[in-house]
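The values are calculated or read from the model by the stated rules, or taken from the named source; none is laboratory data. Note that this is a predicted model, so its numbers are computed, not measured. Here the Cβ positions follow ideal geometry from the backbone for every residue, glycine too, while neighbour counts run over all protein chains shown.
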Amino acid sequence: MLKLEPLPQAPVQSATDLVFDTIYQAVVQLDLPPGTRLSEAEVAGWLHVSRQPVRDAFYRLAHRGFLSIRPQRATLVTKISETEVLRAAFIRIALETACIREAIGRVTEEDISGLRAQLARQAEAVRRQDSRAFHGLDEAFHATLCDIAGQPKVWGLIHEQKGHMDRARFLSLSFNQAGAHGEHAQIVEALAARDTGAAIARLEMHLSKIRGHLGQIRQAHGAFFEDEP
């Protein structure tokens with residue numbers, strides 16, 4: 001089983017957040033794949049914290065649908081639900097297209113330069129086929145779109161809703177990094193041209209790709225998915 005690195009010393013009030021974020025990232029990036037057994041004692045030992053913040057983080061992760069906590073039995077990382085992936089995609093598309101509509105009227109040349117610099121860093125991650133680096137850069141890119149729109153809190157709402165989508169998207173990066181990078185570039189060019197229709201269409205197409213990729217992902221990683229009607 002994965003051995004997590006100890007956490008840095010932190011105030012008691014932030015320990016739960018740190019544990020939550022650490023496990024959440026490990027789940028999304030498949031370091032803790034579906035079906036992994038977890039125990040409060042083991043995680044507390046790995047992270048060098050007491051069991052209480054781990055218990056609280058487990059509860060939050062279970063509420064988000066990432067852990068199945070079963071009394072007197074092992075806590076398990078849940079399998080990926082296609083239903084939840086598609087629900088998350090629907091919510092994300094609605095919120096981000098609203099943001100990009102706002103961003104068109106607010107974007108500056110400095111913003112465009114910053115986005116192009118992000119694209120260059122993404123291109124380097126694609127060259128290295130570094131899924132972890134690309135995933136982080138992808139997150140930063142979409143967060144920046146919300147910032148340009150003047151709606152940074154919307155990214156927080158999206159982040160809370162998109163975890164199930166992210167597990168599937170992370171698996172798609174084994175074959176779709178270059179495609180995602182190219183779609184980001186198209187979004188930036190539409191923003192630079194102040195073309196609202198193109199920006200919305202390109203963002204919606206980009207975020208909708210997961211629907212088409214699910215079959216390929218499931219074929220390669222069937223054991224990670226729930227059996228659903």
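One residue stands out among those in the range 35-81 that are in a loop (DSSP other than H, G, I, E, B) and free of Cβ contacts under 8 Å to residues at least 40 places away in the same chain: the one that is surrounded by the most Cβ atoms within 10 Å (Cβ to Cβ), which is Ile69.
Given the conditions (1) aliphatic (A, V, I, L, M); (2) in contact (Cβ under 8 Å) with a residue 60 or more places away in the chain; (3) farther than 26 Å from His63 by Cβ, report the number of the one that Ile158 does not fulfil. Going through (1) aliphatic (A, V, I, L, M); (2) in contact (Cβ under 8 Å) with a residue 60 or more places away in the chain; (3) farther than 26 Å from His63 by Cβ one by one, Ile158 breaks only (3).
Residues in the range 137-169 that are surrounded by fewer than 20 Cβ atoms within 10 Å (Cβ to Cβ), closer than 14 Å to Gln29 by Cβ and modelled with pLDDT under 95: Gly163 only.
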